[in-house]
Amino acid sequence: MTRLELVDHLAIQFAHAQKSERWAMYRLIAPVVDHANASMGLRDYFEFNQTSLHGTSQSVDIALLDNSGLPRVMIEAKRLDRAIAAEQIAKYLPADTRGIVTNGLHWVLCLNGRDKLVTLCDAKSREMRPHALDEIVAFIRGESLLPQEWRSQQDGYVASFIRPERLTKTASAQRAVNAVTVVREMRGFRAELDRLPGISPLDRVLLTAMAQAFEELGQISSTLRIEFRKTRVSIFGECLDGRRIARLELGKRQPDVLILTELVQGDEILCGLAQPAPHDKGPHMRRYRLSHDIQAASFGRAMAALLNVCDKPNKNRAVMSA
């Protein structure tokens, strides 16, 4: 596909956008990567797996590999209507490896802790910007690196201004709903923990440590509402307008924990126990993965202490993390 053909192809796709991440990958992102790589001859590898900073197995959507199998460019794909930021690719990048996170419209170019946003079409006129495409291609090829206007890596997210088409359904599906048990005191927490089916050993270590920490604090805070389902445990904080402040997805070999970003931002205790990553659905939550018993137990105690005093974030932290 020539440069002009690629510009025309992208313009047509933006005019008939779809919601799926797979659509963005194969209609918007892969054509740009293929065009750039045509003169490089690197091996394109989808779902390139590696060990993340927090010791768990994770995959980046596309990697361009050299003859020795080392990634020269790593690309994280999001669906068109997702907000994106540099931090969504930073966790994957070794030093001097070019990285991109993109929803097909916005492309955040990253290298060695610096990043730049490039957008393929104009927000008002919706006209394609061929020079922006040229800049993305040059970055993938390694021809244009670290221009002066790049910034130090920041947490700011950029939202898409193109909305996917919505198709009318002929019928509405009925969503399966798991039974929910609401807990506000320790006896109920222990009872639900004992009857949870099919949770992993590390899930049980984490939740048991949380229960012990709540008991040492005297009680579960009256500002917390804990919901047990067979697939997850969710915690809501009345001190934060009733929002969900944490979630544990059950059944995974390595516990998958989300905690509200504003609670853990700069928190030395939790970040010292596990490396946080941005949640795939946006910057409002931080994601933690836990890989062994000692880590899960320590994290559970620290997490319970943090959530139990979410309106007084420094109280009792050092004691509970010990």
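Some points to look at:
- Leading residue by the ranking (nearest to VAL180 (Cα to Cα)) among those in segment 196-220 that are modelled with pLDDT under 90 and in contact with a helix residue (DSSP H, G or I) (Cβ under 7 Å, 6 or more places away or on another chain): GLN219
- Yes/no for ARG72 being within 20 Å of ILE162 (Cα to Cα) and either assigned to a strand (DSSP E or B) or not small (Gly, Ala, Ser) (or both): no
- Residue in segment 33-44 that is over 23 Å from GLN275 (Cα atoms), in a strand (DSSP E or B) and free of Cβ contacts under 8 Å to residues at least 40 places away in the same chain present: yes
- Picking from residues in segment 89-123 that are farther than 21 Å from GLY282 by Cα and not in a strand (DSSP E or B), the one that is most open to solvent (accessible area, probe 1.4 Å) is ASP96.
- Scope segment 6-40; condition touching a Lys or Arg at 6+ places or on another chain (Cβ under 9 Å), closer than 23 Å to ASP280 by Cα and open to solvent by 30 Å² or more (accessible area, probe 1.4 Å); matching residues: GLN18, LYS19, SER20, GLU21, ARG22
- Candidate set from segment 66-77 (those that are open to solvent by 10 Å² or more (accessible area, probe 1.4 Å) and not acidic (Asp, Glu)); member that is nearest to ARG151 (Cα to Cα): ARG72
- Residues satisfying the stated conditions in segment 255-306, i.e. open to solvent by 10 Å² or more (accessible area, probe 1.4 Å), over 16 Å from ALA213 (Cβ atoms), in contact (Cβ under 8 Å) with a residue 60 or more places away in the chain and among the small types (Gly, Ala, Ser): SER291
The values are calculated or read from the model by the stated rules, or taken from the named source; none is laboratory data. As the structure is a prediction and not an experimental result, all values here were calculated from the model. A quick note on method: Cβ atoms are made from the backbone with ideal geometry, for glycine too, and the neighbour counts reach across all protein chains shown. These area figures cover heavy atoms from the full protein model, side chains too; ligands, DNA and RNA do not enter into them. Shrake-Rupley method; radii C 1.70, N 1.55, O 1.52, S 1.80 Å.
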